[in-house]
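The values are calculated or read from the model by the stated rules, or taken from the named source; none is laboratory data. This is a predicted model, so every value here is computed, not measured. Quick reminder, even Gly has a Cβ in these numbers, built from the backbone with ideal geometry, and neighbours come from all protein chains shown. Accessible surface is based on the protein model in full, side chains and every heavy atom, while ligands, DNA and RNA are left aside. Shrake-Rupley method; radii C 1.70, N 1.55, O 1.52, S 1.80 Å.
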Amino acid sequence: METGAYNIVERSPARPLFAARLSIIAFLRLAWRGEMPPAREITVTGLDALLASVPPAEQTQVARMIRETLQDVVNDFAARRQTVQFVVQGKIDRGRFFELRQSDGQYISLSAIFGGRLEQKANDWLVAPLWI
């Protein structure tokens, strides 16, 4: 994993999870309260499930809210060199933008959250800087 960054990885034995784990909801709640995650390296699960559960017409709004939340905590995360591993169930797909292909065939935009600075490290691993 890349330290001091957002790492988006497909769930796989090749990508071990960090000991500290949070659901996306718990992670966002901490951020909204201005609290730091319990460790410098954390695994966050459920990002893709959250976005898939939202009606397509509202996904852009939810993605924007997640992005703005990450932007609100960037100074604290950067000072701490926070490493966040988002583990997703879908397959990372690179078309015009980075997306997640869900098992039901639905696509979820990762670029809507992490912006155009996503970098592909491997077929199953993307990295975005904390400053998105």
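Give me the net charge of ARG21's neighbourhood, meaning all other residues with Cβ under 15 Å from the Cβ of ARG21; Lys, Arg count +1, Asp, Glu -1. Mind showing how you got there, number by number?
Numbers: positive: ARG11, ARG15, ARG29, ARG40; negative: GLU41.
My count for the surroundings of ARG21 gives +3.
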Quiz prompt | Two-site label geometry, PHE97 and ARG67: point separation in nm, points 7 Å out along Cα→Cβ | solution = 0.6 nm
Quiz prompt | Expected 222 nm ellipticity per residue - DSSP helices of 4 or more, -39500 (n - 2.57), all of the chain, to 500 | solution = -9500 deg cm²/dmol
Exercise. For the chain, report the accessible area per residue in Å² (1.4 Å probe, heavy atoms, rounded to an integer).
Key: 52 Å²
Quiz prompt | Point-to-point label distance, TRP131-THR60, nm (Cα→Cβ direction, 7 Å offset) | solution = 2.8 nm
Exercise. Measure off 7 Å from each Cα along the Cα-to-Cβ vector at MET1 and ALA20, then give the distance between these two points in nanometres to one decimal.
Key: 1.0 nm
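What is the Å³ per residue value for the convex hull set by the Cα atoms of the chain? Before the final figure, lay out the partial values.
Values: hull volume 12.7 nm³, N = 132.
Given the Cα convex hull of the chain, per-residue volume reads 96 Å³.
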Quiz item: Considering only the other residues whose Cβ falls under 13 Å of the Cβ of ILE42, what net charge follows from Lys and Arg at +1 and Asp and Glu at -1?
Solution: +2
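Can you tell me the length gained on complete extension of the stretch GLU35 to ASN123, counting 0.36 nm per residue apart and subtracting the Cα distance?
Working: separation 88, 0.36 × 88 = 31.68 nm, distance 3.28 nm.
28.4 nm is the gain from fully extending GLU35 to ASN123.
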Quiz item: Could you give the dipole magnitude of the stretch 28-77 about its Cα centre, charging the beta-carbon of Lys and Arg +1 and that of Asp and Glu -1, in debye to the nearest 20?
Solution: 40 debye
